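This report concerns only the one structure given below.
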Amino acid sequence: MSTEVPMYCCALLGAPESGKTSFAKRHLTGEFVKSYSANKIYQTYLLEFHTSQGDIRYTLWNSNQIDDFDCLHIQCAIIMTDFSCTRTFQRVPVLQTAIHIRYGNIPVALCANKMDLARSNGIAYRLIPDQPKQFEYFEMSVKKNVNCEQPFLWLSRRLLGNDQLEFVAKPAVQPPDIPPAHWKAAFKGLALNQLPPIGDDEW
Ligand SMILES: Nc1nc2c(ncn2[C@@H]2O[C@H](COP(=O)(O)OP(=O)(O)OP(=O)(O)O)[C@@H](O)[C@H]2O)c(=O)[nH]1
Ligand SMILES: [Mg+2]
């Protein structure tokens, strides 16, 4: 059985200050960063999730500029907006179209972050009409840690082609399955005469 972990290249795009870096750091370290420091260049993160179908990894590329991803083989995307700010939704259709033209029918999760704040009026996003299955909308709060895993769960289901897939806790590391005879040989090899002899019935 192959033990290779599937790895996908994911673009994290969206309006400045919508919470992209906070979202990535929430997944990486579990913490919420209150301070704002605008990203000057793109950032990359390696994320790993444990699923009912084995592990899955993402290289997450964070930038406001889709041109930053020109040399990459982007396989899925997250577009981030600010739930409380209509302006941040206005570029969504443009980004969706750009993603579609460059990367084809890849799954795209639109995430309206900051749902802990009041909803903006007149949300202006729309679906690309002929790509509805490639697109899903999520509301989340990185600050309150609400729904932060949902976009990755949906992307993982789409990428691995399994709608029943769930995230699971990382299993505890099991001791290696070594036959008792090997342990006995190993202890003999140590030749530590001061160790008490090991009887057969103890194995
Ligand atoms: N209220 C609230 N604030 C949030 C949330 N997520 C992020 N923020 C705050 O929003 C501000 C901007 O967050 P960033 O993660 O730096 O935004 P960004 O999208 O990476 O911004 P750029 O690097 O400029 O593109 C920070 O002060 C965060 O603390 C949230 O869920 N709720
Ligand atoms: Mg940032």
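The values are calculated or read from the model by the stated rules, or taken from the named source; none is laboratory data. Fair warning: this is a prediction, and the values are worked out from it, not measured in the lab. Counting neighbours? That spans all protein chains shown, and the Cβs are built from the backbone with ideal geometry, glycine included.
Mind counting the residues in the stretch 12-29 that are in contact (Cβ under 8 Å) with a residue 40 or more places away in the chain and over 11 Å from the mean Cα position of the chain (by Cα)? Total satisfying the criteria: 10. When the stretch 112-135 is filtered for residues that are modelled with pLDDT of 55 or more and either crowded, with 18+ Cβ neighbours inside 10 Å or within 16 Å of the chain's Cα centre (by Cα) (or both), the ones remaining, listed by number, are A112, N113, K114, M115, S120, Q134, F135. All conditions in (1) at pLDDT 70 or above; (2) over 23 Å from the mean Cα position of the chain (by Cα) hold for Q174, with the sole exception of (1). The criterion of at least 1 residues that are more than 15 Å from ligand 1 (Cβ to nearest atom) and surrounded by fewer than 18 Cβ atoms within 10 Å (Cβ to Cβ) is met, among strands (runs of 3 or more DSSP E) falling completely within the stretch 1-111, by 7-14, 43-51, 54-62. State yes or no: is I106 under 24 Å from K133 (Cβ atoms) and aliphatic (A, V, I, L, M)? When the stated conditions are applied, I106 passes them.
Considering only residues of the stretch 30-52 that are touching a residue at least 40 places away in the same chain (Cβ under 8 Å) and among the polar types (S, T, N, Q), which is nearest to P93 (Cα to Cα)? My answer is T51.
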